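Data block below; observations after.
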Amino acid sequence: MNGHIQTTGTSFETIAGGIGIAAVLLYFVMAALTGKKFRKWPVHRYFLWSIGVLCAAAAVTGPLAALAHTNFKVHMMGHLLLGMLAPLLMVFGKPMTLLLRSLSTRYARLLTRLFKSRPIRLLSNPLTAATLNIGGLYLLYMTDLYMMTHQSLFLYALVHVHVFLAGYLFTISIIYIDISPHRFSYIYRSVVMILALAGHKILSKYIYANPPSGVSKPEAEAGGMLMYYGGDLIDLALITIFCYQWYKDATPRAFPSMENTD
């Protein structure tokens with residue numbers, strides 16, 4: 001692709017890298033401090049959060065991000081890391097639970113009230129999340145937006161922020177790992193998930209047959225295949241977690257479960 005912008009070493013890469021480092025350090029500090037007051041924060045959450053942040057950072061900084069401008073397959077690898085794998089790993093870090101543990105009672109109640117508001121309910125609706133997530137990808141690859149992101153640093157940053165946030169929102173709307181004040185039924189979530197995953201597959205096939213603006217046919221085929229089969233692996237993990245949760249909640253318990261305080 002000709003005429004692409006340079007992101008390596010730019011303010012965007014510096015900011016993205018700084019946010020990634022801050023996200024890990026702040027998480028570790030908050031977990032350690034709250035562990036003195038509440039139950040000790042599980043070690044696996046430190047690990048999953050850190051790997052998730054690393055995946056997101058790798059997609060927008062360093063050699064992978066630089067190569068993505070000239071290689072569509074590498075770009076698609078970044079999409080899988082930023083919009084699918086990183087959110088799935090970070091959700092298991094339970095950042096909202098950690099945040100509530102870190103706040104005073106007053107501010108924790110204010111934040112809880114915000115979580116229960118109608119705008120958050122609308123935003124956390126699986127259908128809304130799926131529309132923002134999958135719909136955003138259709139807009140990116142079926143219009144000239146993809147080519148425009150390689151000509152404007154602002155658009156490049158905006159699109160990548162959207163891909164991550166939409167991917168995270170979709171993940172937390174389907175599987176309830178962290179705090180979820182607005183819970184939707186398994187049947188409703190399963191229908192939305194199936195439609196969303198189907199939409200993702202259809203888009204990957206469309207990319208394979210119809211290269212985005214500025215992408216050669218061989219690169220579009222390679223990128224479309226990676227999107228299809230690479231997405232399958234992450235989708236399988238999401239489906240497995242979802243089905244396990246459904247099975248667990250549907251299984252009769254011999255004794256009432258006790259709520260644990262994180």
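When the convex hull of the Cα atoms of the stretch 124-262 is projected onto a plane and the area is averaged over all directions, what value comes out in nm²?
Here the figure is 10.0 nm², rounded to one decimal.
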Largest-first principal axis extents of the Cα set of the stretch 118-161 (Å): 37, 19, 10
Over the stretch 70-129, equivalent-ellipsoid semi-axes from the Cα gyration tensor in Å: 32, 16, 8
FRET E, pair LEU195, TYR244, Förster distance 22 Å, beta-carbon r, rounded to 0.05: 0.55
DSSP H segments from the chain that extend 30 Å or more along their own axis, Cα-based, with Kyte-Doolittle mean of -1.0 or above: 11-34, 153-174, 186-209, 217-250
Protection-proxy order for peptides 36-45, 130-139, each taking the mean of Cβ atoms within 10 Å per residue, highest first: 130-139, 36-45
Computed helical MRE - 222 nm, the chain, DSSP H runs ≥ 4 contributing -39500 (n - 2.57), nearest 500: -24000 deg cm²/dmol
Isotropically averaged projected area of the stretch 21-113, using the convex hull of Cα atoms (one quarter of hull area), nm²: 6.8
Inter-site label distance for PHE28 and ASP144 at 7 Å from Cα along Cβ, in nm: 4.7
Those lysines that a straight Cα-Cα span of less than 30 Å connects to LYS36, excepting residues fewer than 8 apart in one chain: LYS94, LYS116
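How would you classify the stretch 113-206 from its alpha-carbon gyration tensor, with a ≥ b ≥ c the square roots of the eigenvalues: rounded for a/c under 1.5, else prolate if a/b is greater than b/c, otherwise oblate?
Details: a/c = 3.04, a/b = 1.54, b/c = 1.97.
Here the stretch 113-206 falls in the oblate category.
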Taking the C-alpha atoms of the stretch 11-250, convex hull volume expressed per residue in Å³: 128
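Only the coordinates and a few stated rules stand behind these numbers; no lab work does. All values reported here derive from a predicted model rather than from experimental measurement. Cβ atoms come from the backbone with ideal geometry, glycine included; neighbour counts cover every protein chain shown.
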